[in-house]
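J.: Got a structure for you, questions after.
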Amino acid sequence: MLPWFFLIGCSQKKKTSTKFPEFEIGVVADCQYCNCKSGNQRFYRQSPMRLKEAIDTLNTYPLDYSIHLGDFIDQSFDSFDTVAPIWATLKSDRFHVLGNHDFSVADSLKPYVFEKMELNDRYYSIVRNKWRFIVLDGNDLSLHGALSESKKQQTDSLFNLLEGKNLPNVVPWNGGLSNDQLNWVEDQLKLATMNEERVGMFCHFPALGVSNAHNLLNYEELLSLIEENDCVKFYFNGHNHAGDYIEKDGVHYLTFKGMVDTQDSTSFARVAFKKDSIFVTGYGRELSRKFKINSRP
């Protein structure tokens, strides 16, 4: 049986004198490279150049780490061989979030996507500077990224459950979180409470926004966990290349604009974490913003 202090939810506030160090990270969304013609405002062949320009800029700052928010490639397994070496030139630690297009390769090659993206786990946490960054896998239950028979069956069940409800996000290119992953998230939030950490979440798919057509299939289940735990301060994602932002109950839900959609500019950001604020310094199409780190009741 777990000790009593492990069972306390993040919503249970503690008096603490913990100081949160200041630090900065780099964020890129939807590089989505492929050696193919431009289309639908997406300039695929320019992505390697855009990525290199972003990394050249990010490397001039002492970043704690950098993270790509999914859709590193658009299609073709060989595309990884073009952009992965560029990503490897980052001076900071580097991480990936899995996107739906990262699995737009032959079924026989899908198990090798993780090696190309230097991922040991499909979802994981990054614990730094009194923050716990929870990296989600929105392809856990999906038509493109569910690899085991068990996950494929769960994906079919989820689509069947939502079918007929006329929801805008119930489309083949979106995905969801399995019960195993949701339980893992809940455990991560309990650990954050025990260690007096703030929490930020990264995912490819949105959980909330002005537009909900790109949302996780079962985003409401994740939102329930977020709303119950006031240690969660933000949720960052890609997928909707136009970008989006909404604040709800003190949590900042920010969709970063897609790098692949930039013909004559770029799109990436530095994100600085201060004592009571988060500063997003945007480049190109990405907007600069300031978020207050709220203490939710």
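J.: Which of these, 284, 176, 99, has the largest mean-square fluctuation under a Gaussian network model of the chain (Cα springs below 10 Å)?
T.: Of 284, 176, 99, the Gaussian network model singles out 284 as fluctuating most.
J.: Between residue 276 and residue 106, what FRET efficiency comes out of the Förster formula 1/(1 + (r/R0)^6) with R0 = 51 Å and r the beta carbon distance, rounded to 0.05?
T.: Working: r = 48 Å, r/R0 = 0.95.
That gives a FRET efficiency of 0.60.
J.: Something else now. Of 110, 151, 275, which has the largest mean-square fluctuation in a 10 Å C-alpha GNM of the chain?
T.: 275
J.: Moving on to the next point. Under a Cβ-only charge scheme (Lys and Arg +1, Asp and Glu -1), can you give me the dipole magnitude of the chain about the Cα centre, in debye to the nearest 20?
T.: Working: 33 positive and 38 negative charges, 217 e Å.
Roughly 1040 debye, rounded to the nearest 20.
J.: Between the alpha-carbon centers of segment 51-76 and segment 131-173, tell me the distance in whole angstrom.
T.: 26
J.: What is the mean projected area of the alpha carbon convex hull for segment 170-224, to one decimal in square nanometres?
T.: Across all orientations, segment 170-224 yields a mean hull projection of 4.2 nm².
J.: Now for a separate question. First compute the accessible area of the chain with a 1.4 Å probe, then give the percent of it belonging to carbon and sulfur atoms.
T.: Roughly 49 percent of what the probe reaches on the chain is carbon or sulfur.
J.: Using only Cα atoms, figure out Rg for segment 202-297 and give it as a multiple of 2.2 N^0.38 Å.
T.: 1.09
J.: Computed over the Cα atoms of segment 71-211, what is the ratio Rg over Rh, Rh following Kirkwood?
T.: 0.98
J.: How much area per residue is accessible in the chain when the probe is 1.4 Å and only protein heavy atoms are counted (Å²)?
T.: On a per-residue basis, the chain sits at 44 Å².
J.: Which FRET efficiency value, to the nearest 0.05, is calculated for residue 115 and residue 213 with the Förster distance at 41 angstrom and r the Cβ-Cβ distance?
T.: 0.80
J.: I've got another one for you. So what is the relative contact order of the chain, in percent, for Cα pairs below 8 Å that sit 6 or more residues apart?
T.: 21
J.: Here is a further query. In whole Å, how far is the Cα centre of segment 109-130 from that of segment 221-262?
T.: 20
J.: Then there is this: Quick one: how many lysine pairs in segment 103-186 have C-alpha atoms under 30 angstrom apart, if they're 8 or more apart or on different chains?
T.: Step by step, the pairs that qualify in segment 103-186 add up to 7.
J.: Can you tell me what percent of all Cα-Cα pairs in the chain are more than 30 Å apart?
T.: 28
The values are calculated or read from the model by the stated rules, or taken from the named source; none is laboratory data. Small disclaimer: the values here were computed from a predicted structure and weren't measured. Here Cβ is always computed from backbone atoms with ideal geometry, including for glycine, and neighbour counts include all displayed protein chains. Just the protein is used for accessible areas: all its heavy atoms, side chains included, with ligands, DNA and RNA removed. Shrake-Rupley method; radii C 1.70, N 1.55, O 1.52, S 1.80 Å.
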